[in-house]
1. Quick one: check the C-alpha center-to-center distance for segment 194-270 versus segment 147-191, whole angstrom.
2. In nm, what is the difference between 0.36 nm times the number of residues separating Gln112 and Ser231 and their Cα-Cα distance?
3. Along the Cα→Cβ direction, 7 angstrom out, place labels at Ser70 and His210. What is the inter-label distance in nm?
4. Roughly to the nearest percent, how much of the accessible area of segment 153-270 is carbon and sulfur, given a 1.4 Å probe?
5. Testing the spin-label approximation: label points 7 Å from Cα along Cα→Cβ at Glu91 and Asp269. State their distance in nm.
6. Under a straight-distance cross-link criterion of Cα-Cα below 14 Å, which aspartates and glutamates are reachable from Lys224, leaving out those fewer than 8 residues away in the same chain?
7. Excluding residues fewer than 8 places away in the same chain, name every one of the aspartates and glutamates whose C-alpha is closer than 12 Å to that of Lys266.
8. May I ask you to derive the relative contact order of segment 210-270, considering only C-alpha pairs under 8 Å and at least 6 residues apart, and to give it as an integer percent?
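The values are calculated or read from the model by the stated rules, or taken from the named source; none is laboratory data. Everything quoted here is computed from the prediction, not taken from an experiment. Cβ atoms come from the backbone with ideal geometry, glycine included; neighbour counts cover every protein chain shown. The accessibility values were calculated without ligands, DNA or RNA, using every heavy atom of the protein model including side chains. Shrake-Rupley method; radii C 1.70, N 1.55, O 1.52, S 1.80 Å.
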Amino acid sequence: MSKKLKKTILYLVMVPLVLLLLVRVSSSTTTEYADPSSEVRSTPRPGESQEVQPTAEVVWIYPEGYVDLSDLPDVDISTWEFTLVNSLDKENYVRDSFIPQLVSVEGYQVRQGVDEPLQRMLTDCRNAGYTVAISRAYMSYYEISYRFNGVASGLADGQGMAYEDAVEKARTIAHYPGTDEHQLGVAVNFVDGDGCYDATSPAMQWLAEHCADYGFILRYPMDKSDKTGWSYTPNQFRYVGRTAAEYIMGKGITLEEFLAAVRDAKARDY
């Protein structure tokens, strides 16, 4: 083989090798000195957090029994319609000297301002085909005391209980003096033509469904005794005005819960 041929063969072999080596060196240099501001980076630098892409949408689930009270109506709870009376706090007791302005409705007395919507509710209930009558309305502190003491005495005598124990038992049957809304003149109890006043009465069902149209609420709803201090009473209604009544009955809450929500909202506004 001639010397010239050997040089030609060597040239043909070496040139591709040199080109391949140059390509590899160029690729390595580009990776090592990549632009640090580049957004294409598989691993974060030390101390640098990496944004995690969400894999699923988080859906908030409200706890059982949650009621949204963010749409409270604008009402002034300092007026007489919202006077709170219950046995949960002595701040909510009525003084023995308290007597409201009273007017008569079908032989019973109620606070002035309650009479007109009460009469309309009775009339409309009857026009709907139900027989209904008032069974209790305004009671003075002394009438309430007389009734409560009678219950306590009956328990003590009839069941041989110590009078102190009878008083505590009577608290679950009759309102303790100062804790009865009937003294305010805003609470009214009803009975139908058969003398029925429980939840099976069609008249009581009509009142519960329509009472808010006249500014009344079912005062002691079912499963709310921890809020009201009194057990479910399907025939006792209380006047609070139409705006508040529609909200309370629509949300399925008590007067206590409504007043607490309004106070909290006003406190946040300040």
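1. So the two Cα centres are separated by 22 Å.
2. Gain on extension, Gln112 to Ser231, equals 40.1 nm.
3. Here the modelled spin labels are 3.5 nm apart.
4. With neighbouring chains kept in place, the figure for segment 153-270 is 48 percent.
5. Going from the Glu91 label point to the Asp269 one covers 2.0 nm.
6. Cα-Cα hits under 14 Å: Glu256, Glu257.
7. Asp74, Asp76
8. Relative contact order for segment 210-270 comes out at 34 percent.
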